[in-house]
Amino acid sequence: MNDTLMLDGNAVAGDLAELFGFEMTAMAHRCMHCGNVGAMGTLLAWTQGPGVTLRCCICREVVIRIVRTASRTLVDVSGAAYLEMPAT
Amino acid sequence: MLETERVKTLRLDVQDWPGHLPGQHVDIRLTSEDGYQAQRSYSIASPPGSALELTVELVDDGEVSPYLTEEIRIGDRFELRGPVGGYFVWEPSRGGPLLLVAGGSGVVPFRAMLLQLAAAGAPVQATLLHSSRSWDDVIYRDELPALANDDIKVIHTLTRSQPTGWTGYDRRIDRPMLSEAIAAAGAQPLVYICGPTLLVETAANALVELGVPPVRVRTERFGPTS
């Protein structure tokens, strides 16, 4: 992990809004690894790779990964116990 | 409008702009003739209820900022997504007092917040601590100090060179400086930090060590220093 390249959930707010259909950075998540509950905006983000990796700001384990290809988008949320979304 | 030698503020006319909150940003995507795309995020510099303004710093090897600061012409059109973001925003309902900590162009979202506060007669107090390399590099160096009054304070630190007779801070943001900024901001400040990643990490860790509850510290990192 290169900490100087590290961004945060704010940097992928546009991508998250497009994927989920909601503004997500002020919404809560629970880290599957350490149990931390916080806003998605607090996640640490690495965006320079082929995909986006979002890590817990407390334990630094992977919470969400997003990979786009020409034909599809893969979203791995196995590091999140839950994601909060606004009421519909 | 030229802010410094390398930083410009652009006013954009966006059809059906839904309005925005201070701290939100937009994503700008440029597509070249061969289909190559480059996308970057830029904080909104203007307060709610006004035209969309972005302040963009030229990154020498950048893919989007050279266009936005040097090549763009009135009448150009490009792809814009936004407003986006809901975490690093301030609304009057969040209260204060505010302590805003900025490194370089990290001051951009704070211009939107401070102009909103100034227009509303500052319902909460705000203190801006802004780190820049030199006085010539200070973005909004005339505009933001002009807002200063009993409720809005602006503190500069110049890390590389200082004008003759400079009496302000002359070092990188550190714990003693933040301790004094907290004292200036008032009890239990709500803190926003925006800047290069290492500055944000240093400031956020120091503030928590100084006893500011982590839930009252919101951060936005924009990567390596240019």
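The values are calculated or read from the model by the stated rules, or taken from the named source; none is laboratory data. Just so it is clear, the model here is predicted, and its values are computed rather than measured. Cβ placement follows ideal geometry from the backbone for every residue including glycine, while neighbour counts extend to all protein chains displayed. What goes into the accessible areas is simple: the full protein's heavy atoms, side chains included, and nothing from ligands, DNA or RNA. Shrake-Rupley method; radii C 1.70, N 1.55, O 1.52, S 1.80 Å.
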For this session: Report the calculated FRET efficiency for B:M1 and A:E18 (r = Cβ-Cβ distance, R0 = 35 Å), to the nearest 0.05.
Result: 0.65
Problem set entry | Simple Cβ-charge dipole of chain B, Lys/Arg +1 and Asp/Glu -1, about Cα centre, in debye nearest 20 | 660
Problem set entry | Shape call, segment B:1-42: gyration tensor on alpha carbons, a/c limit 1.5 | oblate
Problem set entry | Point-charge dipole on Cβ atoms (K/R +1, D/E -1) for the protein assembly as shown, about Cα centre, debye to 20 | 720
Seminar exercise, completed: Nearest 10, in degrees from 0 to 90: the angle of helix B:175-185 to the longest Cα principal axis of chain B is 90
Problem set entry | Free-standing Cys, chain A [no other Cys Cβ under 4.7 Å] | A:C57
Problem set entry | Set of segment B:59-81 residues, backbone N closer than 20 Å to the point 7 Å along the Cα-Cβ line of A:N2 | B:59-66
Problem set entry | Among B:D60, B:D136, B:D170, residue whose mean-square fluctuation peaks in a GNM of chain B (springs only between Cα atoms under 10 Å) | B:D60
For this session: Round to the nearest 10 and report in Å² the accessible area of A:T47, as given by a 1.4 Å probe over the protein chains' heavy atoms.
Result: 50
Exercise. Say R0 is 41 Å: what FRET efficiency, to the nearest 0.05, do B:D60 and B:R216 get from their beta-carbon distance?
Worked result: 0.65
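How much of the accessible area of segment B:9-93, probe 1.4 Å, is carbon plus sulfur, in whole percent? Provide the component values of the computation, followed by the final result.
On the way: 2000 of 4520 Å².
Its accessible area is 44 percent carbon and sulfur atoms.
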Seminar exercise, completed: For segment B:99-207, the dipole about the Cα centre with charges only on Cβ (Lys and Arg +1, Asp and Glu -1), to the nearest 20 debye, works out at 200
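Mind checking the per residue accessible area of segment B:100-225 for me, 1.4 Å probe, whole number of Å²?
Heavy-atom SASA per residue in segment B:100-225 reads 42 Å².
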For this session: Go ahead and set up a Gaussian network model of chain B, Cα springs under 10 Å, then flag whichever of B:D76, B:D16, B:D174 fluctuates most.
Result: B:D16
For this session: Kindly identify residues of segment B:191-226 having a loss of at least 30 Å² in accessible area between the isolated chain and the assembly of all protein chains, probe radius 1.4 Å.
Result: B:T197, B:L198, B:R221, B:P224
